[in-house]
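The values are calculated or read from the model by the stated rules, or taken from the named source; none is laboratory data. It should be emphasised that the depicted structure is a prediction, and the values quoted were computed from it without experimental measurement. When we count neighbours, we look across all protein chains shown, and the Cβ atoms used for this are built from the backbone with ideal geometry, even at glycine. Remember, those area values only see protein heavy atoms, side chains included, never the ligands or the DNA or RNA. Shrake-Rupley method; radii C 1.70, N 1.55, O 1.52, S 1.80 Å.
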Amino acid sequence: MSYALQWVRSLAFAIVMYLLMAVMGILFLPYAMIDRDGAMKTCKMYARAVIWLAGWMIGLRFEVRGSPPVTGCMIAAKHQSFMDVMFIYQLLPRPRFIMKRLLLYAPVLGWFAYRAGCIPVDRGKKGRAIKDMLARVKAGDAAPGQLCIYPQGTRVAPGAVMPYKKGTAALYAELGQPVVPVATNIGVFWPKRGIYRKPGTAVFAFLDPIPPGGSLRGFLRELEEAIETQSNALAREAGMTLPLPPVSEV
């Protein structure tokens with residue numbers, strides 16, 4: 001398939017994806033207003049629809065390796081594109097993403113994410129938001145589930161090196177829960193910017209959990225090594241040529 005034809009298909013897919021977001025947002029707004037679970041179910045329904053559309057319209061399919069957790073834990077995932085948010089979200093029973101407060105102002109997406117239990121945080125104020133969330137869980141105002149965080153804090157292209165933030169280690173210590181690393185190569189097919197989407201099979205790998213109680217420095221190093229090593233291996237599997245990245249000092 002020529003690049004030009006795939007680009008046109010990618011553009012059509014993007015238009016349909018965002019139109020669907022608007023339509024579903026309007027149709028399911030009453031359900032989400034009445035019931036927080038309604039917002040979560042709507043978000044999952046939308047994510048699964050986009051996944052189906054990706055296979056049909058642009059030839060992008062998905063594979064899960066490992067076992068997505070079903071009990072309370074923290075998910076620390078590689079973030080390469082908007083798609084990894086949707087794909088991980090629809091796999092988990094009760095996901096709660098830590099997201100930038102700025103996303104609250106995104107039409108449809110921001111309100112539904114907040115209503116579904118995602119936690120908006122200001123840069124530099126993540127600790128306060130986490131403490132507020134934990135207090136709500138202990139008080140019974142919010143059901144415990146899978147707290148999802150992106151340790152690098154932003155989307156990072158396959159093979160690019162960016163340090164893992166120490167706030168992830170602070171959260172690990174505060175939660176006292178196992179942390180499940182998630183590696184992916186979705187950025188090979190769905191880049192951070194641009195319209196073009198490459199056909200193929202994107203892989204999401206749920207790796208061995210890191211048990212609670214370790215040192216913060218050791219935890220962050222283990223997390224980075226697990227995610228980066230496996231994500232780069234998956235990128236090579238998808239056809240990219242990458243050097244082995246160094247693991248940064250923390």
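Worth a mention:
- The range 135-231: C-alpha gyration tensor shape, a/c 1.5 cut-off, then a/b vs b/c: prolate
- The separation of the range 1-30 from the range 167-242, counted between C-alpha centres, amounts to 27 Å.
- Here the chain has 63 percent of its accessible surface on carbon and sulfur atoms, given a 1.4 Å probe and all protein chains in place.
- DSSP-defined antiparallel bridges as percent of all bridges, the chain, nearest 5: 15 percent
- Stretched out straight at 0.36 nm per residue, the stretch from Val64 to Tyr196 would grow longer than its current Cα-Cα span by 45.2 nm.
- Oblate is the label for the range 1-89. Its Cα gyration tensor axes, ordered a ≥ b ≥ c, give a/c of at least 1.5 and b/c at or above a/b.
- Note: the chain, Cα convex hull, 117 Å³ per residue.
- Å² per residue, accessible surface of the range 135-233 at 1.4 Å: 44 Å²
- Within the chain: Cβ-based charge dipole about Cα centre, in debye rounded to nearest 20 (Lys, Arg +1; Asp, Glu -1): 580 debye
- Sequence-ordered 3J(HN,Hα) estimates for the range 88-93 from the Karplus curve with 6.51, -1.76 and 1.60 and θ = phi - 60° stand at 5, 4, 6, 7, 9, x Hz, glycine and proline given as x.
- Helix-only arithmetic for the chain: the sum of -39500 (n - 2.57) across DSSP H runs with n ≥ 4, divided by the residue total, places the mean residue ellipticity at 222 nm at -14500 deg cm²/dmol.
- A cut-off of 5 Å between modelled amide H atoms, ignoring neighbours fewer than 5 places along the same chain, links Ala106 with no other residue.
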